[in-house]
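Quick notes on the structure that follows.
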Amino acid sequence: MKKNNVVQEKSYAFAVRIVKVYKYLCEEKKEFTLSKQLLRSGTSIGANIEEAIGGQSKKDFFAKLTISYKEARETKYWIRLLTDTGYLSKEETKSLLSDIEELLKIIGSIQKSIRNSQTHNS
């Protein structure tokens with residue numbers, strides 16, 4: 001495994017933040033349903049990145065990366081919903097949304113690179 005894997009490090013750091021937001025929502029806001037969805041999808045991003053890195057093949061890597069991208073999109077949805085329903089303030093979510101957008105761009109860029117290399121190798 002390469003050291004300084006940006007997407008791996010950023011997705012893990014994001015998962016740590018999501019766990020903390022989940023704890024805050026449960027303890028301070030007494031919100032248990034939406035926060036559980038956020039916890040599941042927000043921590044799944046990094047878990048699928050880890051699975052992709054340990055993938056059996058390029059196809060397996062790409063499949064796990066795609067799942068990670070979809071989980072990131074879902075996480076963005078839950079963050080927006082929790083904000084628009086008043087559980088999280090706009091200030092609280094500003095950096096979360098910034099981080100998830102960054103992860104989406106990185107993962108999307110990796111996917112695009114893989115697709116481009118596959119079309120050039122065909």
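Since every read-out is calculated from the coordinates, none of them should be taken as a lab result. These numbers were taken from a predicted model, which means no experiment stands behind them. All Cβ positions, even for glycine, are placed from backbone atoms using ideal geometry, and neighbour counts span all protein chains on display.
Structure notes:
- Our estimate of slack between THR66 and ARG80, defined as 0.36 nm per intervening residue step minus the Cα-Cα distance, is 2.9 nm.
- Inter-probe distance in nm under a simple model that places probes 7 Å from Cα toward Cβ, at SER109 and GLU28: 3.2 nm
- Too-long pairs where the Cα-Cα distance tops 27 Å, listed order kept, from LYS23/LYS94; LYS30/LYS105; LYS76/LYS112: LYS30/LYS105
- Using alpha-carbon coordinates, inclination of helix 58-84 to the longest axis of the chain, degrees: 20 degrees
- If you model the chain as an ellipsoid using its alpha carbon gyration tensor, with each semi-axis the square root of five times an eigenvalue, the axes come out at 30, 13, 12 Å, biggest first.
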